Amino acid sequence: MKNTTSENIFVFGTQYYRAPTPLSVDWKSDLRRIKESGLNTIKIWCIWGWMEPEPGKYRFDETDRLFDLAEEIGLKVVPNTILEAQPFWITRLYPDCNMVNHKGEKIISGLRNECFVGLSPGQCLDYDEINVQAERFLTVLASRYKSSNNLLVWDAWNEIKWAVDGEGLFCYCPATIKKFRNWLGEKYGNLDNLNKAWMRIYSDWEDVFPPKYPRTGYVDMLDWRRFITHKVTKMAEFRVNALKKGDPEHPVMIHTGGSSIGYPSQIPIYGVDDWKLSVTADLYGTSFYPNAFMPEPTLSKCALCLDATRSASKNRRFWISELQGGPASNGFVKEDITPEEQRMHIFSALSKGAKGILFWQWRNERLGIEANGFGLTHSDGSVSKRTQMAKDIANVLNKYSSVLNEASILPSEVAILFDPDTYILNWTIEGAVPDSQGFGSELVDLVDRSIHGYYKAFWDNNIQCDLIHIDDLSEVKNYKILVLPFLFFVERQTAKIIEKYVRDGGTVISDCYLGEFGEHCLSSVVTPGNGLDKVFQAREMNVVQTEEIKIEPIRKDGLFRGFEEKDSLAGYLFENSLHPFSEGKVIANFKDKNPAIVEARYGKGKSLLFGSLMGAAYLKGLSPGFKKIIKNLSEQAKICSLVEIGSDHFVETRILKGKDYYLLFCLNYEEEIEITLKIHLPGKKYRIRELSGGTPIPCKLMNDCLLIKTNVPNNAANVFLISQRAKA
């Protein structure tokens with residue numbers, strides 16, 4: 001396979017063409033202006049419905065010309081294949097292959113609200129007839145352009161869109177139900193085992209159907225949505241393999257519409273599991289619209305989504321495949337984004353290890369609800385302030401491309417557990433069939449908010465976290481702290497791994513309701529369940545749901561060292577009184593003096609159990625003292641930020657490491673400030689240069705630490721290249 005992504009460029013470009021706009025009269029001048037702006041890559045949509053107007057007859061003239069113009073001007077090309085705008089002939093030739101919603105209604109495909117050249121969502125790919133047609137299109141397309149000198153990478157799936165442009169949950173068509181039954185057969189072996197797991201009395205596989213509504217059977221809904229994730233992952237494999245069949249040499253990527261964490265409908269509704277999807281491709285990507293489509297966007301939420309994508313990508317390169325280029329349009333409503341905000345989002349992505357950034361898009365869209373939106377330029381294609389911002393950053397990225405490409409994120413010492421099953425069950429318990437009003441009650445995203453809250457507490461302390469998937473929990477031994485945010489569903493194998501981790505010396509912290517449900521989604525007799533009460537040396541007793549949950553430390557030492565009057569503590573939603581065992585130590589009480597936090601030693605490790613939802617409380621601003629608990633806990637686990645800031649002013653810092661250098665990112669979201677950075681790095685002799693200006697930065701060595709004094713403007717980022725001096 002060609003390693004085209006490792007060429008001596010840092011991929012920095014823009015989406016350009018989604019048929020039929022921009023109009024061809026503007027192509028050459030636009031591409032020249034893109035090149036003049038320092039960008040090196042364009043992305044073009046290759047839409048099935050537009051490029052195959054008759055079965056087996058293709059129109060490649062536009063794509064041919066765009067490839068040729070881009071090569072002439074010196075731009076790389078990323079073709080983004082779009083199967084979800086299917087040819088208009090598909091329903092005529094295959095009228096019985098519709099998707100079906102949870103009510104048993106056929107989904108009649110129509111035009112997308114932003115792309116009018118094909119049918120969406122189209123006929124179901126679980127039918128072999130549709131699958132064959134889609135594979136042929138992808139393979140023919142890849143074969144045609146595989147020899148193009150400027151082909152960079154294929155993008156096989158745009159935002160994992162499949163369950164769109166239809167009402168309700170889907171798909172419940174006969175082909176999908178057949179695959180679901182086969183999946184159950186592989187999982188359980190036979191019908192008797194399924195009956196035991198689901199606690200049913202089926203006598204024939206033909207009687208087994210997927211559930212239609214949340215708030216009914218938990219175990220069968222869990223399996224049904226697990227299957228949907230499996231189905232989506234297999235669909236990704238199919239697309240990647242079809243492109244590789246036509247072009248075995250070039251890498252293939254896919255990108256999601258948002259990370260699985262931070263977008264709480266991704267798992268239960270759409271089956272989008274970043275960790276499972278990332279392994280199907282050579283590269284991975286995400287869309288990133290912090291000023292438009294991100295639910296409840298905050299600075300920490302943006303950082304969480306980037307770190308989640310990084311964590312899911314593992315050793316693969318990840319891109320920001322779509323970064324909001326201009327005001328987001330959704331009809332008459334426009335969500336603006338300033339050049340300063342874009343700059344911060346770009347440097348935040350770079351600090352999390354992103355190796356490619358593509359704007360959506362160059363010019364404003366001309367059609368549909370996205371019309372007059374998203375353009376990096378003005379509507380006529382002329383340079384805007386955002387375009388100039390991109391050019392300024394491109395100058396830095398082009399100059400230091402090899403440095404940025406080779407640098408990798410330093411290993412994290414904190415892991416926050418991500419279990420997609422808890423997202424599915426959270427929706428099953430509190431959710432609804434998705435409609436224009438959402439997909440459930442205000443508690444439907446409780447797991448997601450809990451994860452975000454814990455992440456924010458570490459982020460506010462400048463401590464880098466990984467998000468670890470439940471399937472990868474055996475790798476938890478590589479971390480000093482494991483966080484279990486609202487992990488109310490715990491199976492025996494998970495409990496065993498957690499127990500061993502703590503016994504061998506790890507530190508684990510958990511919200512209440514730990515293992516409230518276990519195998520077969522049965523509620524536990526004891527909580528924490530599946531033996532975890534022994535690890536935490538406590539059980540939950542009285543459970544109260546209330547609005548105001550105050551927590552009072554017993555002593556101002558240990559985890560409460562340095563607490564002041566302003567460092568108040570509170571929980572959220574649940575006040576679950578704890579009953580400590582002999583080795584459990586109560587370190588804080590609820591207002592009624594019932595135990596709220598229990599600390600314990602177990603084996604060589606340590607556990608900390610909260611009787612409420614502490615991450616969610618911190619996220620809501622109810623518990624400012626929780627930040628100090630996390631700081632003290634991290635210090636006890638011998639985790640310290642590699643960069644200390646001599647100020648209470650928050651500046652986010654990240655360090656990436658190259659072969660013989662480091663990159664230090666300092667992101668200031670507040671007013672301008674002069675700070676002194678104390679950097680803990682091995683070795684003594686370094687030279688430091690600020691990337692944007694290229695100027696050398698004086699530094700001192702004191703107590704084996706580098707000291708840098710720097711001024712960081714408001715809403716700006718400083719990036720330092722710290723190189724080891726050659727030995728004399």
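Each value in this text was obtained by applying a stated rule to the coordinates, not by laboratory testing. Bear in mind that the values here come from a model prediction, so they are computed numbers and not experimental data. Cβ atoms come from the backbone with ideal geometry, glycine included; neighbour counts cover every protein chain shown.
Close amide-amide hydrogen proximity is noted between Tyr686 and Arg725, each under 5 Å apart and 5 or more residues distant or on a separate chain (H modeled in the peptide plane; Pro and chain starts excluded). Listed by chain and number, the lysines whose alpha-carbon sits under 26 Å from that of Lys106, ignoring those within fewer than 8 places in the same chain, are Lys161, Lys178, Lys179, Lys212, Lys231, Lys234. For the chain, the mean residue ellipticity at 222 nm estimated from helices alone is -9000 deg cm²/dmol, where every DSSP H run of n ≥ 4 contributes -39500 (n - 2.57) and the total is divided by all residues, rounded to the nearest 500. Candidate cross-link partners of Lys620 among the lysines, defined by an alpha-carbon separation under 18 Å and a same-chain spacing of 8 or more, comprise Lys301, Lys456, Lys550, Lys566, Lys628.
Modelled spin-label separation between Val164 and Glu564, with each label point placed 7 Å from Cα along the Cα-to-Cβ direction: 4.9 nm.
Remark on Cys46: its backbone amide H falls under 5 Å from those of Asn80, Thr81, Ile82, a criterion applied only to residues 5 or more positions apart or on other chains, H modelled at 1.01 Å from N. Annotation: amide H of Trp362 within the under-5 Å range of Gln15, Leu376, sequence separation 5 or more or interchain, hydrogens built in the peptide plane.
Residue order for Tyr145, Tyr284, Tyr188, fewest other beta carbons within 10 angstrom first, comes to Tyr188, Tyr145, Tyr284. Calculated FRET efficiency, Asp592 to Lys314, Cβ-Cβ distance, R0 = 35 Å: about 0.15 to the nearest 0.05.
Counting alpha carbon pairs within less than 8 Å and at least 6 residues apart, what relative contact order, in whole percent, applies to the chain? All intermediate terms of the calculation are to be shown ahead of the outcome.
Working: 1610 pairs, mean separation 73.0, N = 728.
Answer for the chain is 10 percent.
Diffusion coefficient (Stokes-Einstein, Kirkwood radius over C-alpha pairs, 10 °C, 1.306 mPa s) for region 83-148: 124 µm²/s, rounded to a whole number. Multiplying the residue separation of Ile108 and Lys196 by 0.36 nm and removing their Cα-Cα distance gives an extension gain of 27.9 nm. Counting 0.36 nm for each residue step from Ser723 to Arg492 and taking away their Cα separation leaves a gain of 78.3 nm.
Derived scalar couplings between HN and Hα for region 562-579 equal x, 5, 10, 4, 6, 8, 6, 10, 8, x, 9, 6, 10, 10, 9, 5, 9, 10 Hz in order, rounded to whole Hz, by the Karplus curve 6.51 cos²θ - 1.76 cosθ + 1.60 (θ = phi - 60°), x for Gly and Pro. Straight-line cross-link partners of Lys685 among the aspartates and glutamates, defined as a Cα under 18 Å from its Cα and at least 8 positions apart when in the same chain: Asp660, Asp704.
Can you tell me how much longer the chain between Glu674 and Asn703 gets when fully stretched, taken as 0.36 nm per residue apart minus their C-alpha distance, in nm with one decimal? Don't jump to the answer; show the numbers that get you there.
Numbers: separation 29, 0.36 × 29 = 10.44 nm, distance 2.19 nm.
Full extension of this stretch gives 8.3 nm more.
The structure-derived value of mean projected area of the Cα convex hull in nm² appears in the list [x] 32.4; [y] 46.3; [z] 34.3 under the label [x].
Using Cα-Cα distances under 8 Å and only pairs 6 or more residues apart, what relative contact order does region 271-385 have, in percent? Write down the numbers at each step before the final one.
Values: 191 pairs, mean separation 29.1, N = 115.
This gives 25 percent for region 271-385.
Panel order for Tyr602, Tyr662, Tyr454, Tyr202, by other beta carbons found within 10 Å of each beta carbon, from fewest to most: Tyr202, Tyr602, Tyr662, Tyr454. Converting phi to 3J(HN,Hα) with the Karplus coefficients 6.51, -1.76 and 1.60 and the offset θ = phi - 60°, region 402-408 yields 5, 4, 6, 5, 7, 6, 10 Hz in sequence order, with x at every glycine or proline.
Each Lys and Arg contributes +1 and each Asp and Glu -1, all at the Cβ; summed about the Cα centre of the chain, the dipole is approximately 2260 debye.
Going from the fewest other Cβ atoms within 10 Å to the most, the residues Lys301, Lys550 appear in the order Lys550, Lys301.
Couplings 3J(HN,Hα) of region 170-187, computed from phi: 7, 10, 10, 6, x, 5, 6, 4, 4, 5, 4, 5, 5, 5, 4, x, 5, 6 Hz, in residue order, whole Hz [Karplus 6.51 cos²θ - 1.76 cosθ + 1.60, θ = phi - 60°; x for Gly and Pro].
Explain nothing, just the number: relative contact order of region 414-636, from Cα pairs under 8 Å at least 6 residues apart, as a whole percent. Each step should come with its number before you reach the end.
Numbers: 512 pairs, mean separation 49.1, N = 223.
Once divided by the residue count of region 414-636, the mean separation gives 22 percent.
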